[in-house]
1. Of (1) surrounded by 15 or more Cβ atoms within 10 Å (Cβ to Cβ); (2) not in a helix (DSSP H, G or I), PRO76 satisfies all except one. Which?
2. All but one of (1) over 19 Å from the mean Cα position of the chain (by Cα); (2) within 20 Å of LEU87 (Cβ to Cβ) hold for LEU26, so report the exception by its number.
3. Just wondering, is there one or more residues in the stretch 89-101 that are exposed (fewer than 15 other Cβ atoms within 10 Å of the Cβ) and not aliphatic (A, V, I, L, M)?
4. Restrict the check to the stretch 102-110 and report whether at least one residue is buried (at least 18 other Cβ atoms within 10 Å of the Cβ), out of contact with any helix residue (DSSP H, G or I) (no Cβ under 6 Å at 6 or more places or on another chain) and closer than 24 Å to ALA7 by Cβ.
5. Answer yes if at least one residue in the stretch 54-68 is in a loop (DSSP other than H, G, I, E, B), surrounded by fewer than 15 Cβ atoms within 10 Å (Cβ to Cβ) and among the polar types (S, T, N, Q), and no otherwise.
Amino acid sequence: MRSEAPALLPVFRSRLQADVLAATLLHPEREYTITDLARRFNTPLTTVHGEVKRLTKAGLLSQRNVGRSALVRANPRNRLVQPLTQLLILTWGPVQVVAEEFANLDGAQQVVIFGSWAARYLDVPGPAPNDLDVLVLGQPRRGAVYDAADRAQHRLGMAVNPVIRPTSAWREADDPLVQQVRSSPHVVVLMPEDGTDGTAEVLGSGRA
């Protein structure tokens, strides 16, 4: 059965279609197997295979076979890929951009996106987000956090609003803002075990 269009940008036929396009077009240097994508999005292999087949047939992805594995990646020869990539950066891009710009903050232990963008990303219906709320846990320099937010804002074309809390606030959940974030849709972008390499993998998420 076909899934509903994603709340973040309902022009895509499904959340999976948008996720696959974001994974490939926002990382054009990478190749993925169907198994890679299925594991990443916790989706059955057959479902991912069908979506990849559609996108390859449309010329948005290219495929090559290595042994018994099919490797797929963005197809840079398709003139639609570049504008579609820009659209994905503005919608799905915050996970990648925040991961990259906030990755090397000394003293930061965790980075979480919350608020309206996180809600739409997790398919909670509502109006399109106009800004991005980012919670940084740890003891980073405030100036470095705001510099990272400014860089992310420039790349995304939307306001990025960072807030800083000590790591203990997330554990103990005694801070009103942290309580709100933890009880609402949120996306954990960076954690200590990431290696902070800016790969923009979503490491965890929560719903209201």
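We did not get these values from a lab; they are worked out from the coordinates using the rules stated. Keep in mind it's a predicted model, so treat the numbers as computed, not measured. Note: ideal-geometry Cβ built from the backbone for every residue, glycine included; neighbour counts use all protein chains shown.
1. (1) is the only condition that PRO76 fails.
2. If we test LEU26 against (1) over 19 Å from the mean Cα position of the chain (by Cα); (2) within 20 Å of LEU87 (Cβ to Cβ), just (1) comes out false.
3. no
4. No, the conditions are met nowhere in the stretch 102-110.
5. No - not one qualifying residue is present in the stretch 54-68.
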